[in-house]
1. Among (1) more than 15 Å from the chain's Cα centre (by Cα); (2) of a type in the set (S, T, N, Q); (3) modelled with pLDDT under 80, where does Q53 come up short?
2. Being modelled with pLDDT of 85 or more and either among the acidic types (D, E) or touching an Asp or Glu at 6+ places or on another chain (Cβ under 9 Å) (or both) is the requirement here; does E33 meet it?
3. Looking only at segment 20-48, count every residue that is free of Cβ contacts under 8 Å to residues at least 12 places away in the same chain and over 10 Å from the mean Cα position of the chain (by Cα) and tell me the total.
Amino acid sequence: MLVVDWRSEQDYANFEKAETADIAWEWLRRDSEYEQEFRNLTSAAQSSGTPHQFRKKWGLSFRS
C-alpha cells in the first residue's frame, strides 16, 4: 500500500484537483478496520470481485 505523509505539502500538491471519490479513498484507506478486513479477504475473492457484503459495508461501488 502506498504510504503518503499527510503532513507533506508535496504529497498533496494536487489536492485542489481531487474529486469526491479521491478524498473518500484517502479516508477509507487509512481506516485500520477496513485495511484488516480487506487483508482477510481471500486472494480469490479479491481477484474475482469484491464480495457484496464487504462492498455494502464500506459503501464501495466500482465502475468500469
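The values are calculated or read from the model by the stated rules, or taken from the named source; none is laboratory data. Since we're looking at a predicted model, the values are computed, not measured. For neighbour counting, all protein chains shown are included, and Cβ atoms are generated from backbone atoms with ideal geometry for every residue, glycine included.
1. (3)
2. For E33, the condition - modelled with pLDDT of 85 or more and either among the acidic types (D, E) or touching an Asp or Glu at 6+ places or on another chain (Cβ under 9 Å) (or both) - is met.
3. 13
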